[in-house]
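Asks: Sending over a structure as structure tokens; questions will come in a sec.
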Amino acid sequence: MINKWIGIASLGLLGGFSTAQDSTNEVPLELLPIEGAYAFFEAESFVEQTKSETRKWYITKKDSVPDVKPDADPAHFDGADAYVEVLPDTRTNHSEKLINGENFAPQPGKMAILK
């Protein structure tokens, strides 16, 4: 199988974007491998988020940790340079109540959507 590299920013049909952004972080898009008909994207390379009025995805990097409370756990990189996390953490364990539309969405596409 031929392994091709393609710059996501060069795909005009995807809107010509160049970076993923949120209110506090910026991660440049990278060249990502494409094998056959599959494209692999890092979650940190999202270009837009919607339905983020209640909860929002944040990029956490070693030199830039979002200051959003509550956040029940410290930064946890586990060998990675960055990761995405939805905040605020308003439900941190199974004994806390699920509240539809606040810390839980029973149907996909209703809260904190990344594109």
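The values are calculated or read from the model by the stated rules, or taken from the named source; none is laboratory data. Not measured: the values here are computed from a predicted model. Cβ: placed from backbone, ideal geometry, glycine included. Neighbour counts: every protein chain shown.
Asks: From Val47, Val84, which residue is in a loop (DSSP other than H, G, I, E, B), touching a helix residue (DSSP H, G or I) at 6+ places or on another chain (Cβ under 9 Å) and at pLDDT 85 or above? Reasoning before the result, please.
Replies: Values: Val84 fails: in a loop (DSSP other than H, G, I, E, B).
One residue alone meets the criteria, Val47.
Asks: In region 50-75, what residues are crowded, with 18+ Cβ neighbours inside 10 Å and not in a strand (DSSP E or B)?
Replies: Arg55, Pro66
Asks: Restricting the search to region 90-106, which residues are crowded, with 16+ Cβ neighbours inside 10 Å and in contact (Cβ under 8 Å) with a residue 12 or more places away in the chain? Don't jump to the end; show me each part of the working.
Replies: So the first thing to find is which residues in region 90-106 are crowded, with 16+ Cβ neighbours inside 10 Å, and the list is 91, 103, 105.
Within region 90-106, Arg91, Asn103 qualify.
Asks: Output the qualifying pairs, or none if there are none: Cβ atoms under 6 angstrom, residues six or more apart or on different chains, first residue in region 50-75 and over 10 Å from Pro88 (Cα atoms) and of a type in the set (S, T, N, Q), second residue assigned to a strand (DSSP E or B) and modelled with pLDDT under 95.
Replies: Thr50/Ile113; Thr60/Tyr83; Thr60/Glu85
Asks: Name the single residue that is nearest to Val47 (Cα to Cα) among those in region 94-114 being of a type in the set (A, V, I, L, M) and in a loop (DSSP other than H, G, I, E, B). Let's see the steps before the verdict.
Replies: Within region 94-114, the first condition is being of a type in the set (A, V, I, L, M), and the residues that meet it are 98-99, 105, 111-114.
Within this subset, residues satisfying the condition of being in a loop (DSSP other than H, G, I, E, B) are 98-99, 105, 111-112.
On the way: Leu98: 29, Ile99: 28, Ala105: 22, Met111: 16, Ala112: 13 Å.
The qualifying residue nearest to Val47 (Cα to Cα) is Ala112.
Asks: Right, another one. What's the number of the condition Ile6 fails, among (1) in a loop (DSSP other than H, G, I, E, B); (2) of a type outside the set (D, E, K, R); (3) over 14 Å from the mean Cα position of the chain (by Cα); (4) at pLDDT below 90?
Replies: The one condition Ile6 does not meet is (1).
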